[in-house]
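Working notes, structure below.
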Amino acid sequence: MSEIKETARCLIIGSGPAGYTAAIYAARADLKPVMYQGMQPGGQLTITTEVENFPGYPKGITGPEMMEEFKEQAERFGTQVRGGVVTEVDLSKRPFMAKADDGKTILAEAIIIATGASAKWLGLESEKKFMGMGVSGCATCDGFFYRGQEVAIVGGGDTAAEEATYLAKLCKKVFMIHRRSELRASKAMQHKVLNTPNIEMVWDSAPEEVLGDESGVTGMRVRNVNTGESRDLVVMGVFVAIGHKPNTGIFEGQVELDEMSYVKTKPGTTQTSVEGVYACGDVQDHHYRQAITAAGTGCMAAIEAERFIGS
């Protein structure tokens, strides 16, 4: 494939709520943004069924439908939305260079990184089968659907502990499955979990299979790592909280990353360590990880890019 060189005022790498919001604002500012959607067009919301906590959708909406509407709005104002992946960047000088898997090289005045983060999964076939049908990677997003029911959460760190206590406020019972005999979470979070009456610890256990039928999840089979014995938990939802991995591989050595490989931004801004390069959404936020906060930082990134280009 021969290389095709193009110029762009603003290049947005990645889609999802952050990328599409950045595109809407950048396009309305006449930056004529070019967007490469990435490996998962629409981001993590495309594997979410109902979204009920995004303002403006009083009846709720599915994640894929919402992302399609975001995309349409970005395109309405002139964003060039392209399928495909940016595979290489050079941010050492301006214009910045980005190569995509469609054979094009983009020379951009400003770049907005919106590549997001990917939830770490268990790797079970049954987990994939019931994704969005009872299996979730976000208790804050989906816990509401399991009010008064029994659920399971897998993990032992701070995120798992926080999500378990959140679920305990909504659910009748929360089984917390951890392969060790003690939690990895901070002492404060451990104390909170162990003193919540409706959280039952399932120690020294590993998930073996997600159980279910055409209606969705009906249980989870866990195996004791010491005895090898299996046990079936009757639950309607399974939450996987073993961490997230930011999609920052191509930016290593290009912008400053933190110890967990998230893009570092200056407090109160989306500015990275490279002037003219901005990061928004889950690629730089490992705390909130919500569609609404991602969209907010997408707005910030576009405004900051506009000011930079116009300066």
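No lab work stands behind these numbers, since they all come straight from the coordinates. All values reported here derive from a predicted model rather than from experimental measurement. Backbone-built Cβ (ideal geometry, glycine too); neighbour counts: all protein chains shown.
Overview of results
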read-out	value
Approximate spin-label separation Glu259-Glu275, in nm, with each point projected 7 Å along Cα-to-Cβ	3.1 nm
Residues Thr62 and Thr105, FRET efficiency given R0 of 22 Å [Cβ-Cβ distance, rounded to 0.05]	0.05
Estimated FRET transfer efficiency when R0 is 25 angstrom, pair Thr140-Lys187 (beta carbons, to 0.05)	0.60
Protection-proxy order for peptides 239-251, 98-110, each taking the mean of Cβ atoms within 10 Å per residue, highest first	239-251, 98-110
Paramagnetic reach from Arg28 in region 74-103 [backbone N under 19 Å; point 7 Å along Cα→Cβ]	74-81
5 angstrom amide H check on Leu257, placed H, neighbours 5+ away	Lys264
Cβ-derived FRET efficiency at R0 22 Å, Trp203 paired with Gln149, nearest 0.05	0.45
Ratio of Rg to Rh over region 175-311 (Cα coordinates, Kirkwood Rh, two decimals)	1.13
Two-decimal Rg/Rh across the chain, once Rg and the Kirkwood Rh are taken from alpha-carbon atoms	1.02
In range of the label at Thr227: residues from region 188-208 whose backbone nitrogen is under 12 Å from the point 7 Å along Cα→Cβ	203-205
Likely footprinting exposure, Tyr57, Tyr20, fewest C-beta neighbours within 10 Å first	Tyr57, Tyr20
Packing-based order for 142-148, 193-199, 293-299, using average beta carbon neighbours within 10 Å, highest first	293-299, 142-148, 193-199
The chain: Cys lacking any partner C-beta under 4.7 angstrom	Cys10, Cys171, Cys280, Cys299
Karplus (6.51, -1.76, 1.60) ³J(HN,Hα), θ = phi - 60°, over region 230-240, in Hz, Gly and Pro reported as x	9, 9, 9, 9, 8, 9, 9, x, 10, 10, 9
Amide H contacts under 5 Å for Thr87, placed H, 5+ residues apart	Lys99, Ala100, Asp101
Gaussian network model of the chain, springs between alpha carbon atoms under 10 Å - residue of Met67, Met35, Met260 with greatest fluctuation	Met260
